[in-house]
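Asks: Sending over a structure as structure tokens; questions will come in a sec.
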Number of protein chains: 2
Amino acid sequence: RDHPPAQAALRDRLLSAVVSCFKRHGAAAIDTPVLELRETLVGKYGEEAKLIYELQDQGGELLALRYDLTVPFARYLAMNKITKMKRYHVAKVYRRDNPATTRGRYREFYQCDFDIAGQFDPMIPDAECLKIVHEILSDLQLGDFVIKVNDRRILNGVFAVCGVPESKFIPACSTVDKLDKLPWEEVRSEMVGEKGLSPEAADRIGEYVQLHGGLDLIEQLLQDPKLSQNKVAKEGLGDMKLLFEYLTLFGITGKISFDLSLARGLDYYTGVIFEAVLLQQENERGEEPVSVGSVAGGGRYDGLVGMFDPKGRKVPCVGVSIGIERIFSILEQRLEASGEKLRTTETQVLVATPQKHLLAARMKLISELWDAGIKAEMLYKKDPKLLKQLQYCEDTGIPLAAIVGEQELADGVVKLRDVATRKEVRV
Amino acid sequence: RDHPPAQAALRDRLLSAVVSCFKRHGAAAIDTPVLELRETLVGKYGEEAKLIYELQDQGGELLALRYDLTVPFARYLAMNKITKMKRYHVAKVYRRDNPATTRGRYREFYQCDFDIAGQFDPMIPDAECLKIVHEILSDLQLGDFVIKVNDRRILNGVFAVCGVPESKFIPACSTVDKLDKLPWEEVRSEMVGEKGLSPEAADRIGEYVQLHGGLDLIEQLLQDPKLSQNKVAKEGLGDMKLLFEYLTLFGITGKISFDLSLARGLDYYTGVIFEAVLLQQENERGEEPVSVGSVAGGGRYDGLVGMFDPKGRKVPCVGVSIGIERIFSILEQRLEASGEKLRTTETQVLVATPQKHLLAARMKLISELWDAGIKAEMLYKKDPKLLKQLQYCEDTGIPLAAIVGEQELADGVVKLRDVATRKEVRV
């Protein structure tokens with residue numbers, strides 16, 4: 001997929017907004033290569049690993065294209081023995097998937113990641129990640145959204161108290177993750193059929209994972225006779241309560257939903273997980289808002305860095321990834337619907353001549369403008385017609401024309417024309 | 001190769017300077033994928049093609065990583081039937097080469113390309129490309145430089161009048177290209193030995209390709225009894241004269257050298273070619289300045305787009321590529337030598353507390369600052385020591401600390417501390 005100028009300009013604007021939020025939160029940039037050693041990526045992504053692009057063996061190392069920015073970040077931290085870092089990374093990742101272009105799903109796509117690595121007091125960095133999602137989605141004016149939050153420890157506790165053997169936590173988790181697309185009945189039958197859970201366990205899980213709410217739900221589960229007896233669930237619920245406290249201080253709990261059906265696909269999460277979804281804009285029939293898909297997600301992954309350290313030393317991490325491609329396709333559709341035309345260049349002035357044999361005058365003037373830092377263009381013709389030159393301004397949105405004719409040359413001035421109003425001044 | 005924050009920040013600054021020059025000249029951005037069809041890249045690069053990274057055949061199309069940004073641009077123009085465009089593209093390209101890190105040569109590296117496609121009056125866009133090189137190298141304050149200019153048509157004319165058969169023009173050209181690294185004797189012996197030119201032809205070529213100069217040399221060659229009889233050479237020399245006229249209007253001939261030894265490696269050039277080299281900075285013995293390597297290059301390639309068009313329709317193009325990696329390694333060495341520390345974040349203020357139990361106050365204040373667009377950080381500790389917080393400012397270059405203590409909370413103010421001067425004001 002190529003991005004023509006109109007797309008590239010919109011994308012540029014979008015990425016700038018995201019990066020400026022990351023910088024606002026004090027993150028430093030790093031850059032890692034598109035190519036990683038194949039062995040770095042193996043065993044980090046669970047079922048999705050089959051989508052990794054591999055390079056041909058042309059001698060030398062066996063290489064693959066990065067699949068996300070999180071695994072390279074963890075590899076980077078371990079390799080350089082870094083135990084504390086706040087970084088952002090905006091770059092393309094590669095998945096050998098079937099593209100679904102209308103939903104903004106491609107084989108090559110941008111990820112915009114912000115991560116905080118280090119041993120800190122609980123939930124403070126986690127809360128900042130949610131604040132960042134809230135800021136970005138608000139800044140971009142994408143309409144109403146909700147950020148679903150859960151914790152892998154709570155889910156694991158639920159599985160445990162429902163009688164799921166520990167070896168089946170990960171498959172159970174990836175089935176629960178489908179609840180945003182499938183009704184409970186179908187998810188249940190996958191649990192019992194494909195994943196081999198007992199019908200009783202599935203029913204008990206169903207009672208939990210269909211719950212969502214706020215602080216009240218956390219309190220309720222902390223009183224739950226079974227869950228409250230489970231060590232990891234209790235830890236997860238305690239931290240969730242603390243998280244809500246911090247989110248209240250940040251003033252963003254209005255958009256946060258503690259949602260037990262949120263599971264997230266990737267294997268490496270160990271604590272808090274979250275996902276932001278946009279809510280349907282138009283809803284004439286007054287129904288409950290419908291989700292139109294995830295535009296950001298993330299969570300805590302305390303074990304990943306240790307997988308790359310020879311001694312297994314862990315560095316706790318939490319991070320967020322902004323789903324820029326989906327946001328981009330929403331904004332693009334909106335721009336198209338509005339009929340508004342985005343400028344693809346930033347040219348401020350066209351240097352023009354009204355008579356023949358004035359190329360030298362144009363070249364001298366434009367050179368002066370460039371040297372003064374002014375964005376200027378001229379037509380690459382020796383003797384273009386004035387009308388053509390003004391037409392070019394209108395076509396490309398250049399607001400001013402600097403006109404040098406024989407009279408202007410003789411008087412030592414330039415005629416500056418406002419293209420829209422046709423007003424002219426001599427300067 | 002990973003880029004840690006200090007490198008990423010310097011690189012970011014450098015790329016911004018280059019992009020702002022491209023925008024100053026009215027270019028629009030496009031983006032093309034890192035992956036190209038293998039067949040797109042085959043047969044475009046001459047001897048260098050063996051350096052192309054290929055992807056494993058995992059089903060679907062046979063893919064390779066892009067080798068430069070020029071061939072994808074030509075493919076883009078042909079595919080979309082675009083006959084006129086001024087575009088820039090800053091992105092990474094891939095070469096399966098032996099890295100030479102001290103010379104800024106890597107397997108993954110940035111290219112910064114600006115190209116003008118379209119049928120225009122001769123040498124006007126070509127002159128702009130040289131102006132751009134001049135502006136960028138001046139803006140970056142890299143020290144003295146020279147831009148060597150030649151024309152493939154002049155070289156081909158030279159080969160013809162020296163008795164080289166047309167089938168050997170390309171091999172002869174790639175041998176001439178080595179004159180910047182090897183003395184003429186060695187280049188001559190490669191011509192006669194490996195490339196099979198006659199000793200007489202090689203000697204005659206030697207008389208031409210060791211010439212360099214300015215307008216005077218162009219005039220001299222236009223009077224040359226043999227060259228002036230050769231149609232392509234005459235065309236090339238005529239255009240070179242016109243180019244010098246335009247470069248005089250741009251005021252940059254002082255840095256331009258018409259150099260017949262310049263050949264450029266790639267097959268696709270058809271007209272003007274150029275290459276900018278930095279000249280040695282320190283030269284205590286008063287010798288002639290020595291080149292320290294190419295930092296930009298480009299030229300005209302009128303045939304490349306036609307290779308991708310089913311009907312072979314040509315779109316004339318001229319462009320320039322800035323060798324950002326080499327410039328980057330020069331600037332990095334210079335920064336290291338100066339001992340100056342580049343900030344890796346842009347944080348303006350650290351929100352700090354001088355007593356315990358004030359995390360809530362910090363979180364409320366920082367949230368207000370973020371919402372007001374201010375770049376702010378806080379330590380991820382419930383009760384950090386004030387000294388640690390101020391130390392963090394000094395370590396990372398944060399200029400201000402916004403301190404809220406019990407007194408400030410009671411008074412409804414914040415104490416703003418200038419970290420360097422230790423001056424404090426209550427606001």
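Asks: For region B:247-256, what does the Karplus curve 6.51 cos²θ - 1.76 cosθ + 1.60, with θ = phi - 60°, yield as ³J(HN,Hα) per residue in whole Hz, taken in order and with x for Gly and Pro?
Replies: 5, 5, 4, 6, x, 10, 5, x, 9, 9
Asks: Shifting gears a bit: For residue B:352, enumerate residues with amide H under 5 Å from its amide H, sequence gap 5+ or separate chain, H modeled in the peptide plane.
Replies: It is B:402, B:403, B:404, by chain and number.
Asks: If I stretch the segment between residue A:338 and residue A:311 completely, what's the gain in nm (0.36 nm per residue apart, minus their alpha carbon distance), one decimal?
Replies: Working: separation 27, 0.36 × 27 = 9.72 nm, distance 5.66 nm.
In short, 4.1 nm is gained.
Asks: Additional query: Taking the dipole about the Cα centre of chain A, with the C-beta of Lys and Arg at +1 and of Asp and Glu at -1, give me whichever of A:149, A:257, A:328 is farthest to the positive side.
Replies: A:328
Asks: In addition: Show me you know the interface measure: the accessible area buried between A and B, both chains summed, probe 1.4 Å, in Å² to the nearest 100. Walk me through the numbers before you get to the answer.
Replies: Details: alone 22040 and 22010 Å², together 37600 Å².
Chains A and B together bury roughly 6400 Å² of accessible area.
Asks: Next question. Suppose every K and R has +1 on its Cβ and every D and E has -1 on its Cβ; what is the size of the dipole of the protein assembly as shown about the Cα centre, in Debye to the nearest 20?
Replies: Magnitude of the dipole: close to 480 debye.
Asks: Per residue of B:366-373, how many C-beta atoms from partner chains lie within 10 Å of its own C-beta, taken as a mean?
Replies: For peptide B:366-373, the averaged partner shielding equals 5.
Asks: Under 10 Å, Cα contacts only: if you run a Gaussian network model on chain A, which one of A:246, A:45, A:380 comes out with the highest mean-square fluctuation?
Replies: Fluctuation is largest for A:380.
Asks: Compute the convex hull volume of the Cα atoms of region B:5-338, divide it by the residue count, and report the result per residue in Å³ as a whole number.
Replies: Residue-normalised Cα hull volume stands at 157 Å³.
Asks: How many percent of the accessible area of region A:5-338 is carbon or sulfur, using a 1.4 Å probe?
Replies: Looking at region A:5-338 in its full context, I get 50 percent from C and S.
Asks: While we're looking at this one, here's another question. Given H placed on each backbone N at 1.01 Å, which residues far from residue A:87 in sequence or on other chains put an amide H within less than 5 Å of it?
Replies: Distant-sequence amide H within range of residue A:87: A:28, A:115, A:117.
Asks: Another question, then. Region A:358-394 to region B:25-89: how many Å between their Cα centroids?
Replies: A separation of 31 Å, based on Cα centres.
Asks: Suppose every K and R has +1 on its Cβ and every D and E has -1 on its Cβ; what is the size of the dipole of region B:5-338 about the Cα centre, in Debye to the nearest 20? Don't skip to the answer; put the middle values down first.
Replies: Numbers: 42 positive and 49 negative charges, 201 e Å.
That gives region B:5-338 a dipole magnitude of about 960 debye.
Asks: Loop by DSSP (not H, G, I, E, B), at most 10 other beta-carbon atoms within 10 Å: where is the longest site-free stretch of chain B for GluC sites (Glu not before Pro)?
Replies: The longest uninterrupted stretch comes out as B:1-193.
Asks: Okay, moving on. Answer rounded, prolate or oblate for region B:40-181, using the Cα gyration tensor with square roots of eigenvalues a ≥ b ≥ c: rounded when a/c is under 1.5, else prolate when a/b is larger than b/c, else oblate.
Replies: rounded
Asks: Can you tell me which lysines have their Cα less than 24 Å from the Cα of residue B:381? Leave out same-chain residues fewer than eight positions away.
Replies: Within the straight-line cut-off, residue B:381 pairs with A:23, A:81, A:84, A:86, A:131, A:234, A:241, A:314, B:356, B:364, B:415.
Asks: Between beta-carbons, use under 14 Å as the cut-off and find the net charge around residue B:214, counting Lys and Arg +1, Asp and Glu -1.
Replies: Working: positive: B:148, B:241, B:255; negative: B:216, B:219, B:245, B:259.
Net local charge, residue B:214 excluded: -1.
Asks: Taking square-rooted eigenvalues a ≥ b ≥ c of the alpha carbon gyration tensor, is region B:161-292 rounded, prolate or oblate, where a/c under 1.5 means rounded and, failing that, a/b exceeding b/c means prolate?
Replies: Since a/c reaches 1.5 but b/c is at least a/b, the shape of region B:161-292 is classed as oblate.
Asks: Anyone know which of A:343, A:75, A:105 comes out most mobile in the 10 Å Cα GNM of chain A?
Replies: A:343
Asks: Taking each residue in A:385-395, count the Cβ atoms of any other chain within 10 Å of its Cβ, then average. What number comes out? Write out the running numbers ahead of the final one.
Replies: On the way: counts 0, 0, 0, 0, 0, 0, 0, 0, 0, 0, 0.
Taking all residues of A:385-395 together, the mean is 0.
Asks: List the residues, sorted by chain then number, that are 5 or more residues from residue A:92 or on another chain and whose placed amide H is less than 5 Å from its amide H.
Replies: Under 5 Å from the amide H of residue A:92: A:111.
Asks: Further question: Give the nm distances, rounded to one decimal, from residue A:20 to the matching residue in every other copy, measuring between label points 7 Å along Cα toward the beta carbon; shortest first.
Replies: For residue A:20, the inter-copy label distances come out at 1.5 nm.
Asks: On to the next question. If you roll a 1.4 Å probe over the heavy atoms of the protein chains, what accessible area per residue do you get for region A:8-64, in Å²?
Replies: 38
Asks: Also, I was wondering about something else. Assuming 0.36 nm per residue, please report the length gained on full extension of the stretch residue A:394 to residue A:210 beyond their Cα-Cα distance.
Replies: Result for the pair: 60.6 nm of gain on full extension.
Asks: While we're looking at this one, here's another question. Net charge near residue A:138, counting Lys/Arg +1 and Asp/Glu -1 over other residues with Cβ under 10 Å of its Cβ?
Replies: Computed value for this residue: -2.
Asks: First measure r as the distance between the Cβ atoms of residue B:51 and residue B:387, then evaluate 1/(1 + (r/R0)^6) with R0 = 56 Å and state the FRET efficiency to the nearest 0.05.
Replies: 0.55
Asks: Averaged across B:1-7, how many Cβ atoms of other chains sit within 10 Å of each residue's Cβ atom?
Replies: 6
Asks: Continuing with the same structure: Do any trypsin sites (Lys or Arg not before Pro) in region A:158-254 lie in a loop, going by DSSP, with at most 13 other beta-carbon atoms within 10 Å of their beta carbon, and if so which? Each step should come with its number before you reach the end.
Replies: Details: sites: A:168, A:178, A:181, A:188, A:195, A:204, A:226, A:231, A:234, A:241; in loops: A:181, A:195, A:226.
Listed in order of number, the matching sites are A:181.
Asks: Let me ask you something else. Can you tell me the FRET efficiency between residue B:416 and residue A:360 if r is taken as the Cβ-Cβ distance and R0 is 56 Å, rounded to the nearest 0.05?
Replies: Efficiency at R0 = 56 Å is approximately 0.50.
Asks: If each label sits 7 angstrom from Cα along the C-beta direction, how far apart, in nm, is residue A:141 from its counterparts in the other copies?
Replies: List, nearest first: 4.0 nm.
Asks: If you don't mind, there's one more thing I want to ask. Restricting attention to the alpha-carbon atoms of the protein assembly as shown, what are Rg (one decimal) and Dmax (integer), both in Å?
Replies: When restricted to Cα atoms, the protein assembly as shown yields Rg and Dmax of 31.2, 103 Å.
Asks: Something else now. Along the charge dipole of the protein assembly as shown, Cβ charges K/R +1 and D/E -1, which of A:41, A:22, B:413 sits furthest on the positive end?
Replies: Result: B:413, furthest along the dipole toward the positive end.
Asks: Got a sec to turn the phi values of region A:398-408 into Karplus ³J(HN,Hα) couplings, 6.51 cos²θ - 1.76 cosθ + 1.60 with θ = phi - 60°, whole Hz, x for Gly and Pro?
Replies: With coefficients 6.51, -1.76 and 1.60, one gets 6, x, 10, 10, 9, 9, 10, x, 4, 4, 4 Hz.
Asks: Another question about this same structure. Based only on the alpha carbon positions, what is the Kirkwood hydrodynamic radius of region A:349-426, in angstrom?
Replies: 12.3
Asks: Considering only A:372, A:337, A:74, give the residue with the highest GNM mean-square fluctuation for chain A, with springs between Cα atoms whenever their separation is below 10 Å.
Replies: Of the options given, A:372 has the highest mean-square fluctuation.
Asks: Quick one: 3J(HN,Hα) in Hz for region B:115-122, Karplus 6.51/-1.76/1.60 with θ = phi - 60°, rounded, Gly and Pro as x.
Replies: 9, 10, 10, x, 8, 10, 5, x
Asks: Run through the other copies and list how far each one's label point is from that of residue A:368, in nm with one decimal, shortest first; the point sits 7 Å from Cα along Cα-Cβ.
Replies: 5.1
The values are calculated or read from the model by the stated rules, or taken from the named source; none is laboratory data. A quick note: this is a predicted structure, and the numbers were derived from the prediction, not measured. Cβ atoms come from the backbone with ideal geometry, glycine included; neighbour counts cover every protein chain shown. Heads up: the accessible areas ignore ligands, DNA and RNA and are worked out on the full protein's heavy atoms, side chains in. Shrake-Rupley method; radii C 1.70, N 1.55, O 1.52, S 1.80 Å.
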